[in-house]
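Step one of this worksheet: look at the structure below.
What follows is calculated from the coordinates using simple rules that are stated; it is not laboratory data. Everything numeric here is computed off the predicted structure, so don't read it as measured data. Backbone-built Cβ (ideal geometry, glycine too); neighbour counts: all protein chains shown.
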Amino acid sequence: MRPAVPRDEIAFRTDLAAATPARHLVNPPAGHLCRGPDVSPTHHNKPTEPTDMKITLDADKCCGAGQCVLIAPEVFDQRDEDGVVVLLDAEPPAAHHAVVQEAAALCPAAVIEVHA
């Protein structure tokens, strides 16, 4: 029989037989980003790679649905007062091209134009 482990120290997993104490998952260190391996403290300090994509917006037509922000938060944001889209990076790196294309395709007001 395994010794009892306090509930707050167990990493909840789909495979309960593999559940082991995992304090690093329950209480991450201060400043730790829990968004995955693609986001690291040095992520924003990397030199930008050349891009062939240019993005333009027609903010006057924006309905504020926010789909673009959910899909590509590195490239799009919304104004606090009315939810209208704000472009953070008009020439995103190649790593973001796929999500930008998806955001443009899912925009209900067709505000995002992608020029390759």
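What shape does segment 49-115 take by its C-alpha gyration tensor, where a ≥ b ≥ c are the square roots of the eigenvalues and a/c under 1.5 counts as rounded, a/b above b/c as prolate, and the rest as oblate?
Taking the square roots of the gyration eigenvalues as a ≥ b ≥ c, segment 49-115 is prolate.
Once you put a point 7 Å from the Cα of Arg79 and another 7 Å from the Cα of Ala109, both along the Cβ direction, what distance in nm separates them?
Inter-label distance under the simple model: 1.0 nm.
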